[in-house]
Amino acid sequence: MDHFNLKDGVLHAEDVPLPVIADAVGTPVYVYSTATIERHVAVFKAALAEVESGTDGPLIAFAVKANPNRAVLATLAKAGLGADVVSAGELLRARAAGVPADKIVFSGVGKTEEEMRLALSEGIFQFNIESEPEAEMLSDVATAMGLRAPVAFRINPNVIAGTHAKISTGGSEDKFGVAYDRAIAAYARAAALPGLDVRGVAVHIGSQLTDLGPSRAAFEKIGALIADLRAAGHAIVTADLGGGLGVPYDPAKPIPPLPQAYGEMVRDVTRGWNVRLLFEPGRVIVGNAGVLLSRVIRVKPGVGDPFVIVDAAMNDLMRPSLYDAWHDIRSVSPNGADMTANIVGPICESGDTFAKKRAMDAVAPGDLVTFMTAGAYGATMANTYNSRALTPEVLVTGDQWAVVRERQPIEALIAADKLPPWI
Ligand SMILES: *Cc1c(COP(=O)(O)O)cnc(C)c1O
């Protein structure tokens, strides 16, 4: 559920008409709804209310990569969420947004010594490490600082998530995690390293999961592994079940499992594990909480369907070109008529296509359109291809709104290039 609704024929973000934002800030612009973010946090928390998770309850660490805007992170921090980070930049952003260090988990296959030092000096909750060489590097860094790093190994359970190949992470050929069959040996070696406190297991098999079966299969393997690790003498006190829950993008497709069903599955599978559970949701918290607002530049007749050329492009929202992703496209002021069109941006690439042969609200030049469900993996993947400035972002609450990332002036983009002395 989201808070983007028609009122008096005009699409609003909560109580703010989208044309007000478009006129003041220009387009394209991302617009986020605080009420939607907060609702998703509440729903996710409620779904986990019944899971067994020690005395501290589950730690919900928002996957910062889904939406790292500081105002969004601060909203989530206020709601009690921690952060799952994958770089020094994300760690510093989470801290700057008020996420306490002891609610931060550091994931990722390529942590550098410098990033490890930063995270250790901040005192983060846990490192999720993904290989034996990484364990050795982290032990050396921690030892040199006189510390022991709290770690979990991310396990690759060799479960096929059944999602798009580019967001599938739990198959044995994917780069992520330690192979399930090597886990016992990896823990034995890591336990002997002086700079590590090996205390958990972690798993994350992919994103936009639309079926609970693969997650359940992965978690069942993790449960068996915890028992084996304990039998081998390791004190396992945390289990991080990752993120991955899907959100509805295409209203014609079946709705992905709701958090409540996910929570029931988790409660079932993890009963008796006797650990603190961690979760790393990203998309399910912010996906439906954001839209990309754009204006139609012109409508170009095609041999078949017309091309609706909008002022947003693949540099603003990469998901359609990267993942063949489907975003619902709506007119901000629908007039009741429909059209079938190809929706494209101005970039000089055929891949700069948001939708082909899409049945949608009829639009004309100058009209505003929204790409729905753009709050996750949207603005954060924006880039400046074709010398287009980074997309600004706006956060709405009730009838208030604020620019939470300004439109980068094109002059700043140009000034970042330096001419060498010989020109
Ligand atoms: C991307 C990622 C997540 C979040 O995935 P969502 O599908 O957005 O929930 C969680 N954990 C890890 C390790 C990730 O890489």
Return the long-range amide H neighbours of PHE354 (sequence gap of 5 or more, or a different chain), with a cut-off of under 5 Å between placed amide H atoms.
ILE343, VAL344, GLY345
Calculate log10 I(q)/I(0) of the range 34-285 for q = 0.07, 0.08, 0.13 Å⁻¹, where I(q) comes from the Debye formula with a single equal point scatterer on each Cα and nothing for solvent.
-0.21, -0.28, -0.77
Non-local residues with an amide H under 5 Å from the amide H of ASP240, with H modelled 1.01 Å from N and Pro and chain starts lacking one, are VAL201, ALA202, VAL203, LEU278
Mind scanning LYS103/LYS221; LYS65/LYS166; LYS45/LYS253 and naming the pairs with a C-alpha gap bigger than 20 Å?
LYS103/LYS221; LYS45/LYS253
Relative contact order of the chain (C-alpha contacts under 8 Å, at least 6 apart) in percent is 20
Whole-number percent relative contact order across the range 34-285, with pairs defined as alpha carbons under 8 Å at least 6 apart:
24
Need the list of aspartates and glutamates near LYS175 for cross-linking: C-alpha distance under 12 angstrom, and skip anything on the same chain fewer than eight residues off.
GLU130
Here the chain gives, from Cα atoms, an Rg and Dmax in Å of 22.7, 70
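Only four residue types carry charge here, +1 at the Cβ of Lys and Arg and -1 at the Cβ of Asp and Glu. Report the dipole size of the chain about the Cα centre in Debye, rounded to the nearest 20. Mind dumping the intermediate values first?
Values: 38 positive and 48 negative charges, 20 e Å.
Computed charge dipole of the chain: roughly 100 debye.
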Return the sequence-ordered ³J(HN,Hα) values of the range 113-128 in whole Hz as given by the Karplus equation 6.51 cos²θ - 1.76 cosθ + 1.60 applied to θ = phi - 60°, using x for Gly and Pro.
4, 4, 5, 5, 4, 4, 5, 5, 5, 6, x, 5, 5, 6, 9, 9
Using Cα pairs closer than 8 Å and at least 6 residues apart in sequence, work out the relative contact order for the range 1-109, in percent.
19
Say we join alpha carbon atoms closer than 10 Å with springs in a Gaussian network model of the chain; which of PRO301, PRO194, PRO19 then has the biggest fluctuation?
PRO301
Rounded to whole Hz and in sequence order, give me ³J(HN,Hα) for the range 249-254 from the Karplus expression 6.51 cos²θ - 1.76 cosθ + 1.60, θ = phi - 60°, writing x for Gly and Pro.
9, 9, x, 7, 9, x
Tabulate in residue order the Karplus-calculated ³J(HN,Hα) for the range 178-185, using 6.51 cos²θ - 1.76 cosθ + 1.60 with θ = phi - 60°, rounded to whole Hz; enter x for Gly and Pro.
9, 4, 3, 6, 9, 4, 4, 5
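Bear in mind that the values in this text are calculations on the coordinates, not laboratory data. Not measured: the values here are computed from a predicted model. Cβ atoms come from the backbone with ideal geometry, glycine included; neighbour counts cover every protein chain shown.
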